């Protein structure tokens, strides 16, 4: 009988501990995402020749809930192009105050050595780079509908360019030659 009462008290105690934990967890506030990207726009050349260095400008707008003690940055990765001797990732500083933010990130890449259509994906990240809780990825977006049309360049028509000095010297030389020819002819009477 004593064992039954002990198990009954232990069961009630376990039930109370679990119930109190559930109440504590369910009443604590749930925190939302610390950052949210609201808009991404980008500028890039829609046509480019093969083996050409191009620039892609990405504008990122968003908002972070911040106490001013964390440091934020935005990173953009390009997928689908080679990196012209650099990494296809670049970042810019958002700073300590990131509610709201609007920043631009510039990436440089080179087009491949062929003509056709080059699909381009842009990956955008907002990162907490430090402060109270270290480095953390806070939001992420992928844009995959960018394309660059690779077209061959046409050779320019050669032009005959002259400098101003050459033109002046040529005019004076021609005038001097005409003057000398006119002086050599004998006058007829």
What's the total number of residues in segment 63-83 that are surrounded by 15 or more Cβ atoms within 10 Å (Cβ to Cβ) and at positive phi?
1
Please determine whether any residue of segment 9-18 is farther than 30 Å from residue 150 by Cα, surrounded by 12 or more Cβ atoms within 10 Å (Cβ to Cβ), at pLDDT 55 or above and over 15 Å from the mean Cα position of the chain (by Cα).
no
Would you tally the residues in segment 91-116 being touching a residue at least 40 places away in the same chain (Cβ under 8 Å), in a loop (DSSP other than H, G, I, E, B) and surrounded by 13 or more Cβ atoms within 10 Å (Cβ to Cβ)?
4
Looking at 130, 134, can you tell me which residue is modelled with pLDDT under 75 and surrounded by 14 or more Cβ atoms within 10 Å (Cβ to Cβ)?
130
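The values are calculated or read from the model by the stated rules, or taken from the named source; none is laboratory data. Bear in mind the structure is a predicted one, so any value in this text is a computation, not a measurement. All Cβ positions, glycine included, derive from the backbone under ideal geometry; neighbour counts span all protein chains shown.
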